[in-house]
Structure formats: C-alpha cells, structure tokens
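Everything on this sheet refers to the single structure shown next.
The values are calculated or read from the model by the stated rules, or taken from the named source; none is laboratory data. Computed from a predicted structure; not experimentally measured. FYI the Cβ positions are ideal-geometry reconstructions off the backbone, even for glycines, and counts take in every protein chain you see.
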Amino acid sequence: MSLTPEQLEQCVDIVEHGEAERQEIDRLTEQYPNLTMEEAYDIQQRLIARKQEQGQRVLGRKLGLTSRAKQQMMGVHEPTYGTLVDYMLINEGEPVCYSELIHPKAEPEIAFYLKEDLEGPAVTGAQVLAATEYVFPALEIIDSRYRDFKFTLVDVIADNSSSARYVLGGKPSRVTDLDLSLMGMVFYKNGEIVDTAAGAAVLGHPATAVAWLVRKLHERGEKLCKGDVVLSGALTGAIDFRPGDIVQAHFEKLGSVTLTCKE
Ligand code: OOG
Ligand code: MG
C-alpha cells in the first residue's frame, strides 16, 4: 500500500466533489501514478460509506467493462464493479435530469434481482441463475467524473465505475427457460437503431459476469445480498444523449426499457 489513510480520504474528497459539483476532475493516477487496484476499491468503499452516512442505502452493484466493445472503447482489459445507492434509481417514465450530470451516456444492460445471498471464491454462473428471482431489461446512465471520460482501470474503480443513474424496465422475467446469452437486443435513440447485440456480449453470458463479481467481492470480504440488484454490464458501447432525447433498449423476451431526459 502506497497511500496513507489521509491520502485515500483526499482522493474520496476529489471524486465526491466532482460528482456533487458536476465538475470534471483530473485523473487520480496523475497525482498517484502507482495507485493500486486494491487502493482504488478502498477509495470506492470510503465514498459509498460517506453516502451511507448521508442516509443513502446500498441497492446493489453494477459491473463495468464486461464487453469487448466497452473494453476497447475505454482502452482497458478487465471488468470492474461499482455500488448502486438510492438516488441512482430512476423509475421508468421519470426523466433523467441532465443538469444534475456532467457528460452522461446510456447503455443497455440486463439487471438481476437476487432472492438469495451469493458469496464465496468459486461461485458459477449456474449458481447465480439459481439465486436469481427475476431479470429485468435496464439502461444504465454512466457519468465518469474524469475529464473527457478518459481514465485508467484504477481511476474508474475509484470513481465508483462511473455509476450515476439506472432505469429498470417494468417487466420482471424468471430466468428459468431463458437463454440470456442468446437473447437479442436492439438499442435505439430517438427511434433509430444505434446498435444491436446479444447477451453473450457480456463475458459470454451475463450470469458469468455476476459470478466474476461475487468472486471479486469475496477477495475483499464482501458478498451480494438477497434483494440486491446487479447490473451485469453493457452489451454495447455507451451513447451520448441530451435533453429531449429518448433512448430505448428492446430485449428479446425481456421486453423494453425507455429513458427520457430533461434539462
Ligand atoms: C465505466 C463503466 C462501464 C459498463 O457497463 O461497461 C460500465 C465507463 O465506461 O465509464 O458501466
Ligand atoms: Mg454499465
């Protein structure tokens, strides 16, 4: 460990301030080039602890950079996770407020809702599916606090993996009899197709991504809990949107989810 507790707290101040003031921040690795992944997750954990002290509840987790499209887009080579709290959830039909965010982007995801805790060093995708009550079509709104949305893997981890908002589609589906890897998805902006994908874009199967998350959490003495929502990672690259835009993802069998945006 190269950073002192004071330096870790100072990093939390920077990220927290960027989000609260909607101001782009410099990459933490410019100040701390040797920042480790472990320290970056420590910063994220301290950031979430502060949000909890302010009354926010943890609603679940999100995976980041699970698809090759996203890894290439961001120039990184492995997934990350982030933590979801109350104010990030947008009910479908409510608009996202653009003025609360810096440079938001939207991306289509499959969300898991857990009926059992999941923990341990060797959890499989099959165990994830067995512990899943429902899956939902989802749109994640990411909003990196870093200037120009540019960061290294450790930077993005410290910034809670760019978490900002998320919308869950209204129709819960049971995973039994669904093949999430073959599930097709069409992504629209203002009625035009911007991208298409299948669930397999997410590490081969979205449940594999959730299993990766459980193993990663285990390394830090943490777990997924009954009632948690897990966003399993974007199936495509993320797209910009502005007030007045309508972003939609239509999933085979799961149905669709819509995001609107106001000033
Ligand atoms: C990091 C978060 C990526 C996903 O689903 O891949 C992410 C970023 O690209 O800013 O949420
Ligand atoms: Mg995402």
If we ask which residues in the stretch 150-179 are assigned to a loop (DSSP other than H, G, I, E, B), more than 16 Å from ligand 2 (Cβ to nearest atom) and under 17 Å from THR66 (Cα atoms), their number turns out to be 1
TYR81 being within 16 Å of ligand 2 (Cβ to nearest atom), of a type in the set (Phe, Trp, Tyr) and part of a strand (DSSP E or B): yes
Conditions first: (1) surrounded by fewer than 24 Cβ atoms within 10 Å (Cβ to Cβ); (2) within 23 Å of ALA122 (Cβ to Cβ); (3) at pLDDT 95 or above. LEU203 passes all but one, so which condition is the exception? (3)
Would you check which residues across the stretch 144-165 are charged (D, E, K, R) and in contact with a helix residue (DSSP H, G or I) (Cβ under 6 Å, 6 or more places away or on another chain) and list them? ARG145, ASP155, ASP159, ARG165
Whether any residue in the stretch 91-103 is crowded, with 16+ Cβ neighbours inside 10 Å, at pLDDT below 95 and in a strand (DSSP E or B) is what I want to check. no
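Yes/no per residue for (1) over 16 Å from the mean Cα position of the chain (by Cα); (2) within 12 Å of ligand 1 (Cβ to nearest atom); (3) polar (S, T, N, Q):
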site	(1), (2), (3)
CYS11	yes, no, no
GLN56	yes, no, yes
ALA69	no, yes, no
GLN72	yes, yes, yes
I need every pair where a residue in the stretch 65-78 that is farther than 14 Å from GLU107 by Cβ has its Cβ under 6 Å from the Cβ of a residue that is near ligand 1 (Cβ under 8 Å from one of its atoms) and not in a helix (DSSP H, G or I), sequence separation at least 6 or different chains. VAL76/LEU65
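So that you can scan it fast, the table gives a plain yes or no per residue for (1) surrounded by 15 or more Cβ atoms within 10 Å (Cβ to Cβ); (2) in a helix (DSSP H, G or I); (3) charged (D, E, K, R); (4) at negative phi:
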| position | (1), (2), (3), (4) |
| --- | --- |
| GLN52 | no, yes, no, yes |
| ALA69 | yes, yes, no, yes |
| HIS77 | no, no, no, yes |
| PRO121 | no, no, no, yes |
| PHE136 | yes, no, no, yes |
With criteria (1) farther than 26 Å from LEU231 by Cα; (2) surrounded by 20 or more Cβ atoms within 10 Å (Cβ to Cβ); (3) at pLDDT below 95, TYR32 comes up short on (3)
